[in-house]
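This report concerns only the one structure given below.
The values are calculated or read from the model by the stated rules, or taken from the named source; none is laboratory data. Please read these numbers as outputs of a predicted model, since none were measured by experiment. Counting neighbours? That spans all protein chains shown, and the Cβs are built from the backbone with ideal geometry, glycine included.
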Amino acid sequence: MAKRKIIKINKQKCNGCGLCIPNCPEGAIQIIDGKAHLISDLFCDGLGACLDHCPKGAIAIEEREAENYDERKVMKNIVACGPNVIKAHLQHLRDHKQMDYLKEALSFLEENHISMPLELRKPATHSKHAGCPGARMMQFGLEAKTEPAGEECFSALRQWPVQLHLVAPSAPYFKGKDVLLTADCVAYALGNFHTGYLSGKSLAIACPKLDSGKDIYLEKLTAIIDEAKINTLSVMIMEVPCCGGLLAIAQEALAKAKRKIPLKCITVGIKGDIIKEEWVTID
């Protein structure tokens, strides 16, 4: 073992919200007995991608004796999570200029016959973006898609306000309704958001990465479930890693609520496609 930088989790500050988990590209953190735990030194690269996503400031970087980070064991840990998680991890390595680790990861994928997009298979020597993979600059769809001539698109929104900090759990538009909780970016990415997903539902929007007061979100969602007696809750998130925090909040709210209702998660691609739609089990 050698002295190196690695995360440290303050168990007294940690409230077990789980927002750090989707923001750890290596899968090094798990919730155990209601608290976040670093499951192995081998999985933590010490770059601290999870730090800014903890609402309680329970995660910090320390320098101590620790086992060396093992890229191949990380890859074995995350391949079962699917291509989106692998992509996020590769982009994380590129963004932080960890080219040796990136080469190891790419070699592992090649040896195990796992294909990735060409831009992620090339171990670039520099990156214009350093930070969250979800904020990486991209441009696509240069030719604008328009509605057919003579057809008008109507809004399915039937309430105001919509921001989760501003809505009231006692609002009449929540009572006994199917509720749609979406990340802020979803409606901009998904062309048929109103007709395909919002129609007939009450709405709340939030950003798990940029919004403050996530503990307030947890309390408010719990109250909406119990007090408004909503029928179902659907969570729509983007495919970027930071967006998974919104699902984590919804899951914790359902775990705390007295009522048990169905929870669906819909993951939207940044190009406007539906990547996954599934019912989520709450323990």
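For the reader, a short list of remarks on this structure follows.
- Selected residue (criterion: nearest to residue 48 (Cα to Cα)) from residues of region 65-78 that are touching a Leu at 6+ places or on another chain (Cβ under 8 Å) and surrounded by fewer than 23 Cβ atoms within 10 Å (Cβ to Cβ): 69
- Selection of region 82-135 for residues being modelled with pLDDT under 60, charged (D, E, K, R) and either assigned to a helix (DSSP H, G or I) or in the same structural domain as residue 53 (by TED's automatic domain parsing) (or both) yields 119, 121.
- Any hit, region 29-37, residues being surrounded by 19 or more Cβ atoms within 10 Å (Cβ to Cβ), under 15 Å from the mean Cα position of the chain (by Cα) and not β-branched (Val, Ile, Thr): no
- Contact map, region 67-79: first residue under 7 Å from residue 42 (Cα atoms), second residue modelled with pLDDT under 85 and not in a helix (DSSP H, G or I), Cβ cut-off under 6 Å, separation 6 or more or different chains; pairs are 67/1.
- Enumeration of residues in region 175-187 that are over 17 Å from the mean Cα position of the chain (by Cα) and closer than 15 Å to residue 156 by Cα: 177, 178, 179
- Meets criteria (in the same structural domain as residue 89 (by TED's automatic domain parsing) and modelled with pLDDT of 90 or more) for residue 36: no
- Selected residue (criterion: modelled with the lowest pLDDT) from residues of region 190-242 that are under 14 Å from residue 162 (Cβ atoms), of a type in the set (A, V, I, L, M, F, W, C) and not in a helix (DSSP H, G or I): 207
- Of residues in region 2-27 being among the small types (Gly, Ala, Ser) and at pLDDT below 85, the one farthest from residue 218 (Cα to Cα): 2
- Considering residues of region 263-283 that are loosely packed, with under 14 Cβ neighbours inside 10 Å and part of a loop (DSSP other than H, G, I, E, B) only, the residue modelled with the highest pLDDT: 273
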